[in-house]
Amino acid sequence: MLHRRTLLGFCTVLFAARSVRAASLAAPAGKVLLTVRGKIANTNADGSARFDLAMLDALPQGRFEGETPWTKGKTVFTGPLGSAILDAVGASGTTMRVAALNDYSADVPVSDFRKHAVILATRHDGALMPVREQGPLWVIYPMDKEPDLRIESTYTRSVWQVTAIDITG
Ligand SMILES: Nc1nc2c(c(=O)[nH]1)N[C@H]1C(S)=C(S)[C@@H](COP(=O)(O)O)O[C@H]1N2
Ligand SMILES: [Mo]
């Protein structure tokens with residue numbers, strides 16, 4: 001009897017803990033810009049974590065200031081840190097497939113977001129990016145602070161028009 005009660009109590013605690021964790025990711029109120037799927041603990045839709053702009057803005061932000069292969073002159077990108085997105089969804093995998101509107105996708109090691117202050121830029125020179133200007137989200141590596149990142153593998157992972165991240169491996 002004691003065992004059953006203990007087990008029941010244990011399950012109640014587990015269930016409560018799960019609810020609290022799930023509740024930590026509110027549902028998006030606005031247009032969904034990013035959907036994260038795969039190996040994640042926190043969801044707000046069927047097996048996925050969906051983010052609108054307000055949710056992305058509420059996460060810890062990063063800033064890039066410098067030149068990129070795709071823009072002219074000095075340019076500023078701001079947006080949530082990739083690591084903050086991983087934390088928000090409770091990511092546990094090692095590889096992400098970052099997918100764009102145009103069917104382009106790149107496999108990105110989760111460790112890139114942990115080792116480098118990669119951002120999912122929401123703004124370019126202070127303005128939101130329409131789709132024709134590579135928006136709404138653009139993976140930007142901190143090539144300004146880490147010049148060694150100015151290599152082809154980084155460029156391949158610098159996905160623009162991002163809509164989804166699948167944590168696959
Ligand atoms: N959405 C999207 N992002 C993308 C690409 C793309 O085709 N679509 N090409 C990638 C590749 S392979 C590289 S090298 C860089 C630069 O592409 P570009 O040489 O066409 O400017 O952007 C990356 N990001
Ligand atoms: Mo490329």
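Table for the structure above
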{"item": "Given (1) within 13 Å of ligand 1 (Cβ to nearest atom); (2) open to solvent by less than 40 Å² (accessible area, probe 1.4 Å); (3) closer than 16 Å to V36 by Cβ, number of the condition Y141 does not satisfy", "result": "(3)"}
{"item": "Residue match in the stretch 126-134 (condition: within 16 Å of ligand 2 (Cβ to nearest atom), within 13 Å of the chain's Cα centre (by Cα), within 24 Å of R37 (Cα to Cα) and at pLDDT 95 or above)", "result": "no"}
{"item": "Near pairs, Cβ below 8 angstrom, 6+ apart or cross-chain, from the stretch 150-169 (under 10 Å from A106 (Cα atoms) and without any contact (Cβ under 8 Å) to a residue 60 or more places away in the chain) to any residue that is within 12 Å of ligand 2 (Cβ to nearest atom) and in a strand (DSSP E or B)", "result": "T156/A106; R157/A106"}
{"item": "Unique residue being among the hydroxyl-bearing types (S, T, Y) and more than 16 Å from ligand 2 (Cβ to nearest atom) when the list is T163, T156", "result": "T163"}
{"item": "Check on V110, more than 16 Å from M143 (Cα to Cα) and β-branched (V, I, T)", "result": "yes"}
{"item": "Residue match in the stretch 95-108 (condition: farther than 24 Å from N42 by Cβ, exposed (fewer than 13 other Cβ atoms within 10 Å of the Cβ) and either free of Cβ contacts under 8 Å to residues at least 60 places away in the same chain or in contact with a helix residue (DSSP H, G or I) (Cβ under 6 Å, 6 or more places away or on another chain) (or both))", "result": "yes"}
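The values are calculated or read from the model by the stated rules, or taken from the named source; none is laboratory data. Model, not experiment: these values are computed from the prediction. So basically every Cβ, Gly included, is an ideal-geometry build from the backbone, and we count neighbours across all protein chains shown. Accessible surface is based on the protein model in full, side chains and every heavy atom, while ligands, DNA and RNA are left aside. Shrake-Rupley method; radii C 1.70, N 1.55, O 1.52, S 1.80 Å.
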